[in-house]
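A short write-up of the structure that comes next.
The values are calculated or read from the model by the stated rules, or taken from the named source; none is laboratory data. Bear in mind that the values here come from a model prediction, so they are computed numbers and not experimental data. Note: ideal-geometry Cβ built from the backbone for every residue, glycine included; neighbour counts use all protein chains shown.
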Amino acid sequence: MLESIRRMPQSDVFQYNMNYPSLGQCVIINNKNCHKQTGMGVRNGTDRDAENVKETFSKLGFKIKTSHDQTVSQMRDVLTKASQEDHSHSAMFVCVLLSHGDDGVIFGTDGCIELKELFKLFRGDCCKSLVGKPKLFFIQKSIRSFAETFLKTRLDLLITNTGSVRSELARHLRQWHARIVLFIIGHFWATIPVSGSQRTLYCALQGNTEHLSGQCFSDSQVMQVKPEARDDGIAKKLWDVSEKLCGIA
């Protein structure tokens with residue numbers, strides 16, 4: 001067998017055999033609405049993504065199977081049934097998962113499941129008719145909030161206030177009097193770009209900042225912000241509004 005592979009043209013050694021009657025199945029699982037206990041919001045826009053995926057793979061010649069708002073158990077059942085089918089006349093298998101998720105996990109409507117648990121359903125010992133064939137998984141995961149992502153990492157989050165920095169924004173203004181006003185403000189009250197960038201560079205390059213995570217810096221010094229800026233309730237409201245405006249709530 002090794003000798004026959006060596007005799008093959010080099011370009012064919014690393015190519016899959018596509019000479020099958022059908023390209024294969026494309027299973028799409030699209031989760032838009034999660035149960036309240038998961039803490040996950042509605043994934044606005046995911047239905048359009050699912051339709052675009054369906055249209056794309058249909059044009060390529062795949063047989064499409066779409067499921068919406070699946071629980072963890074239902075997701076497992078959908079992919080278990082797909083793995084147990086006879087794919088001997090298919091060139092490959094495609095799965096597209098659209099849902100909330102995080103590192104190594106994907107959400108059903110009622111909770112999450114490890115991706116590796118879904119992947120193993122298509123291993124050679126579980127799905128023999130796909131042995132030696134491409135098994136493609138496309139995963140689109142929405143992480144609930146940027147803040148939650150930071151809390152799960154060891155990254156330090158420092159906020160810097162560069163103040164007013166002189167720039168060439170005035171060149172876009174057609175009104176000459178507006179240009180004069182901005183010039184006067186920039187000349188007397190704004191800092192030069194080099195000085196403004198030093199504040200950001202200080203926070204980025206200064207070592208031993210673990211104990212300063214979450215602090216706000218001005219002129220390379222920790223500054224005291226107003227009580228309103230430390231109000232978690234207000235911050236939560238602003239975050240919720242931002243999610244709605246961005247279409248991820």
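Taking the conditions exactly as written (over 13 Å from LEU98 (Cβ atoms) and exposed (fewer than 15 other Cβ atoms within 10 Å of the Cβ)), does GLU55 satisfy them or not? Steps first, answer last, please.
On the way: over 13 Å from LEU98 (Cβ atoms): yes; exposed (fewer than 15 other Cβ atoms within 10 Å of the Cβ): yes.
Yes.
Go through THR80, THR46, THR38 for me and flag whichever is assigned by TED's automatic domain parsing to the domain that holds LEU130 and at pLDDT 95 or above. Before you say what the answer is, go through the steps one by one.
On the way: THR46 fails: at pLDDT 95 or above; THR38 fails: at pLDDT 95 or above.
Result of the check over THR80, THR46, THR38: THR80.
When you check VAL96 against the structure, is it part of a strand (DSSP E or B) and either modelled with pLDDT under 95 or farther than 12 Å from CYS34 by Cα (or both), yes or no? It would help to see each step written out before you state the result.
Numbers: part of a strand (DSSP E or B): yes; either modelled with pLDDT under 95 or farther than 12 Å from CYS34 by Cα (or both): yes.
For VAL96, the condition - part of a strand (DSSP E or B) and either modelled with pLDDT under 95 or farther than 12 Å from CYS34 by Cα (or both) - is met.
Can you tell me which residue is nearest to GLU85 (Cα to Cα) among those in the range 106-122 that are surrounded by fewer than 16 Cβ atoms within 10 Å (Cβ to Cβ) and touching a strand residue (DSSP E or B) at 6+ places or on another chain (Cβ under 9 Å)?
PHE119
Residues checked against (1) of a type in the set (S, T, N, Q); (2) without any contact (Cβ under 8 Å) to a residue 40 or more places away in the chain; (3) within 11 Å of ASN30 (Cβ to Cβ):
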| site | (1), (2), (3) |
| --- | --- |
| LYS54 | no, yes, yes |
| LEU60 | no, yes, no |
| HIS68 | no, yes, yes |
| GLN74 | yes, yes, no |
| VAL78 | no, no, no |
| ASP86 | no, no, no |
| VAL96 | no, no, yes |
| HIS100 | no, no, no |
